[in-house]
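Beneath this line is the structure, given in structure tokens, with notes to follow.
The values are calculated or read from the model by the stated rules, or taken from the named source; none is laboratory data. Note that the structure is a prediction, hence the values are computed from the model and not measured. Here Cβ is always computed from backbone atoms with ideal geometry, including for glycine, and neighbour counts include all displayed protein chains. When the accessible area is computed, the model is the full protein with side chains, heavy atoms only, and any ligands, DNA or RNA have been set aside. Shrake-Rupley method; radii C 1.70, N 1.55, O 1.52, S 1.80 Å.
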Amino acid sequence: MAEWNREQNNTGRNDKEQAEYSPPMQSDFLRETIKQKPVNKKKLLRRTVITVVMAVVFGLVACFTFLVLEPVISNRLYPEEEAEEVRFPEETVAEEMKPEDMLVEEEEEPPEEAPPVELEDEQIEELLSQVLSQVQFGLEDYRQLYEELAQLAQKTGRSVVTVTSVVSDVDWFNDIYENEASASGIIVANNGKAVLILVSAGALSDADSIIVTFCDQSKVNAELVQKDTTTGLAVLSVPLVSIGEETMDVIDIAKLGSSNNANLLGKPVMALGSPMGTSGTVCYGIVTSVGTVIDQPDSAYKSIITDIYGSRNATGILVDLNGMVLGIIDNVNTSNDMGNLLTAYGVTELKRTIEKMSNNQERAYLGIHGADVPEEAIRESGMPTGTYVKEIEMDSPAMNAGIQSGDVIIAANGTPIENYKDLLNVLNIGKPEDTMDVTLVRQGQEVGVQVTLGRR
């Protein structure tokens with residue numbers, strides 16, 4: 001009983017202690033409140049601006065370094081071949097036989113002449129009938145003749161191209177449209193980097209893009225190399241990398257012949273390109289006039305006139321029956337009474353100009369209209385041989401140096417001048433801003449002047 005009471009007392013005391021126990025409350029100084037650090041907007045903006053500026057500076061430095069070093073590295077790794085200089089061979093003029101060469105030397109015995117054979121009229125008629133029967137020219141002969149001409153035109157046409165200039169414009173409704181103008185040109189050279197094309201510059205005025213169509217109808221973009229304001233011709237460049245291998249196997253470089261030939265008059269010729277105003281046309285005819293000098297400054301270009309009736313806007317080339325180019329068609333210099341007869345620049349006088357334009361070399365400008373001193377004036381008036389100055393261009397280097405109409409230029413840079421061609425050869429060697437020492441005769445007195453050449 002006593003033990004049971006004791007257990008009951010202990011049990012009650014434990015219950016009381018459990019009832020009185022409660023967990024201690026957390027003190028205020030142990031509570032933590034996390035607060036965000038205030039943002040310094042000015043400092044953040046300054047760092048952002050500095051980062052952006054450094055990024056821009058780094059980008060500019062990287063771009064500049066790439067632009068400067070990339071060509072150097074590329075040339076070291078892949079050395080680029082320089083374009084070859086375009087040069088045409090000098091024409092060789094056949095020497096005329098002198099009268100003394102025609103004489104038979106005394107040691108040579110003249111061949112014995114066969115006695116003349118007298119024929120009766122009946123025998124002569126019989127011989128003529130036999131000859132005529134053997135040289136009959138029928139329709140089959142005509143067909144064969146024109147087939148050979150067509151084959152020659154096709155072969156020579158491999159060097160002919162069509163140049164199309166595209167100009168973009170805006171109409172009244174702000175719609176963009178394109179104008180196209182075309183002309184026929186020829187391939188004159190391959191400098192190892194590009195194919196060079198000679199064409200009339202009239203179709204290239206203000207062109208936004210230039211497209212060249214080769215004989216196989218493949219089209220390639222071209223760039224203008226240089227224009228010649230005197231002749232109205234231009235040279236275009238088509239990179240070789242943009243021309244397909246199949247096209248390179250088909251096209252050909254034109255063979256420039258000689259227009260400085262006295263026997264050219266009356267010879268048959270073909271007009272290829274756009275003689276009728278449309279690309280890909282062919283005409284046949286003969287040469288009716290040669291040797292007429294076109295009056296232009298610092299030049300002695302000659303015209304070739306044919307009996308071919310074509311377009312006033314004709315372009316292309318004149319070739320002989322050997323496929324050699326004799327002239328570049330340009331009807332600008334055709335007189336009004338022969339407006340539709342095809343006229344061309346003689347290729348002989350054009351060769352030096354084509355060379356300069358193909359090599360993109362600046363040409364010196366003097367500004368005179370010259371001619372050879374006539375032999376009659378040399379014999380009768382005692383005028384010296386040289387270049388006779390017919391006219392001076394306004395504000396030209398020649399006018400500024402004091403050269404006048406009627407002067408006779410007898411020397412230039414120490415080179416004797418016997419005709420107008422000699423002066424043009426010296427001028428062709430010169431460059432703009434060069435000083436040319438000119439010796440001329442004025443009213444019987446020698447005068448020396450210095451000319452600072454200009455740019456054409």
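In the range 327-355, which residue that is in contact with a helix residue (DSSP H, G or I) (Cβ under 6 Å, 6 or more places away or on another chain) and of a type outside the set (S, T, N, Q) is least open to solvent (accessible area, probe 1.4 Å)? Outline the logic, then answer.
Let us first name the residues in the range 327-355 that are in contact with a helix residue (DSSP H, G or I) (Cβ under 6 Å, 6 or more places away or on another chain), namely 327, 343, 352.
Of the ones still in play, those that are also of a type outside the set (S, T, N, Q) are 327, 352.
Working: G327: 0, R352: 56 Å².
Filtering first and then ranking leaves G327.
In the list I304, I294, which residue meets the criterion of being touching a residue at least 24 places away in the same chain (Cβ under 8 Å), buried (at least 24 other Cβ atoms within 10 Å of the Cβ), in contact with a strand residue (DSSP E or B) (Cβ under 6 Å, 6 or more places away or on another chain) and not basic (K, R)?
Details: I294 fails: buried (at least 24 other Cβ atoms within 10 Å of the Cβ).
Within the list I304, I294, the selection yields I304.
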- Close pairs from the range 226-251: first free of Cβ contacts under 8 Å to residues at least 40 places away in the same chain, partner open to solvent by 50 Å² or more (accessible area, probe 1.4 Å), Cβ under 8 Å, at least 6 apart: S242/N221; E246/D216; T247/D216
- List the pairs whose first member sits in the range 399-428 and is hydroxyl-bearing (S, T, Y), whose second member is assigned to a loop (DSSP other than H, G, I, E, B) and surrounded by 14 or more Cβ atoms within 10 Å (Cβ to Cβ), and whose Cβ atoms are under 7 Å apart, counting only residues at least 6 apart or on separate chains? Y420/A300
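For M399, state whether it is farther than 18 Å from R352 by Cα and in a helix (DSSP H, G or I). First the steps, then the outcome.
Details: farther than 18 Å from R352 by Cα: yes; in a helix (DSSP H, G or I): yes.
Yes, satisfied.
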- Task: Tell me the strands (runs of 3 or more DSSP E) entirely within the range 206-306 that contain at least 3 residues that are hydroxyl-bearing (S, T, Y).
- Result: 281-293
- Return yes or no: is T385 under 17 Å from D437 (Cα atoms), free of Cβ contacts under 8 Å to residues at least 40 places away in the same chain and open to solvent by 40 Å² or more (accessible area, probe 1.4 Å)? no
- Counted residues, the range 170-202 - those being among the charged types (D, E, K, R), modelled with pLDDT of 70 or more and assigned to a strand (DSSP E or B): 1
- Query: Quick check: is even one residue across the range 313-323 under 30 Å from G454 (Cα atoms) and in contact with a Leu (Cβ under 6 Å, 6 or more places away or on another chain)?
  - Reply: no
- Out of the range 310-323, which residues are open to solvent by 60 Å² or more (accessible area, probe 1.4 Å) and either among the acidic types (D, E) or closer than 23 Å to E148 by Cβ (or both)? L321, N322
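Restrict the check to the range 437-456 and report whether at least one residue is closer than 22 Å to K302 by Cα, basic (K, R) and either open to solvent by 20 Å² or more (accessible area, probe 1.4 Å) or not in a strand (DSSP E or B) (or both). Let's see the steps before the verdict.
Within the range 437-456, the subset closer than 22 Å to K302 by Cα is 456.
Then keep just the ones that are basic (K, R); that gives 456.
In the following step, the residues that additionally are either open to solvent by 20 Å² or more (accessible area, probe 1.4 Å) or not in a strand (DSSP E or B) (or both) were identified as 456.
Checked the range 437-456: at least one residue is closer than 22 Å to K302 by Cα, basic (K, R) and either open to solvent by 20 Å² or more (accessible area, probe 1.4 Å) or not in a strand (DSSP E or B) (or both).
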- Residue list for the range 208-225, restricted to those being surrounded by fewer than 20 Cβ atoms within 10 Å (Cβ to Cβ) and in contact (Cβ under 8 Å) with a residue 12 or more places away in the chain: D208, S209, I211, T213, C215, D216, S218, V220, N221, E223, L224, V225
